[in-house]
Each structure stands twice: as structure tokens, then as C-alpha cells.
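Q: Got a structure for you, written out below as C-alpha cells; questions coming shortly.
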Amino acid sequence: MPHEFLSDDWMEAVKAIRDKYADQAPPVPYKIRMNQVISGAPFNDGADIHIYMDTSDGTMTLDKGELENPEVTVSTDWTRPGRSSSTRTRPPGCRPSCPARSRSRGT
């Protein structure tokens, strides 16, 4: 059964897959410490979702929460795949699942 993207069940499924195949994963060739803030998720009672990605040790860690001193923070609103709105604009070539609005800040 599929899980709602970024839900707690989805995060747990991603961790289980990553743990199962960790010994087969090649090292991540780039280093980044990134926080993401997603607003308007339909399953989170209107609260923002805070997740992070950290590849600074050569592996990818993705989890809920925030890193101290990230290199970049990306903020975006939730857009469900296949949903469109004439009041939102998307970058050229962006599929319907791309965020309609996003901001980033970094060092």
C-alpha cells in the first residue's frame, strides 16, 4: 500500500529501504546540509513539515527535523500531483507535481 509522500509512514518506509540496502549504496559524491520546510500538507493538520537531508558523511540521511547551520533551507508549499491551478505558475518543464511556490536561502 502506498504511503502519502512525506507522511510518518512514508518516512519509515524510506528508512527501512535505505537500511536494507545501505551496504550496496555507492558513496554520495556531493556534500550538502539542507533543511526543507513544506507548508500545507493535507495530512499534517496545517502544520509545516520540517525535514532535512545531510550528505556530509558520504551517505544520505533524510529525516524529519532540522539541522543546525544548514547550507541551504528550501521552503515550499504542498502541491498534490495532477492538481493544477490557473493562479499558480510553474517553471518551464516542471511536471504537475513540482511545487508551485518555493523559496530558498543559504550561505
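Q: Across segment 35-51, in residue order, what do the Karplus-derived ³J(HN,Hα) couplings come to in whole Hz, using 6.51 cos²θ - 1.76 cosθ + 1.60 with θ = phi - 60° and x for Gly and Pro?
A: Ordered by residue, 3J(HN,Hα) equals 9, 10, 10, 10, 9, x, 5, x, 10, 10, 6, x, 7, 5, 9, 10, 10 Hz.
Q: Counting only DSSP beta bridges with both residues in segment 1-81, what percent are antiparallel, rounded to the nearest 5?
A: So the antiparallel bridges amount to about 60 percent of the total.
Q: I've got another one for you. How charged is the neighbourhood of F43? Take every other residue with its Cβ under 10 Å from the Cβ of F43, and add Lys/Arg as +1 and Asp/Glu as -1.
A: Here the count lands on -4.
Q: In debye, nearest 20: dipole of segment 1-81 around its Cα centre with unit charges on the Cβ of K, R (+) and D, E (-)?
A: I would put it at about 280 debye.
Q: Given the convex hull of the Cα atoms of segment 1-81, what is a quarter of its surface area in nm²?
A: 6.2 nm²
Q: Also: Mind checking which lysines have their C-alpha under 17 Å from K64, skipping anything on the same chain fewer than 8 residues away?
A: Of all the lysines, those that pass the test against K64 - Cα under 17 Å, at least 8 places apart if same chain - are K15.
Since every read-out is calculated from the coordinates, none of them should be taken as a lab result. Computed from a predicted structure; not experimentally measured. Note that each Cβ is placed from the backbone with ideal geometry, even for glycine, and that neighbours are counted across all protein chains shown.
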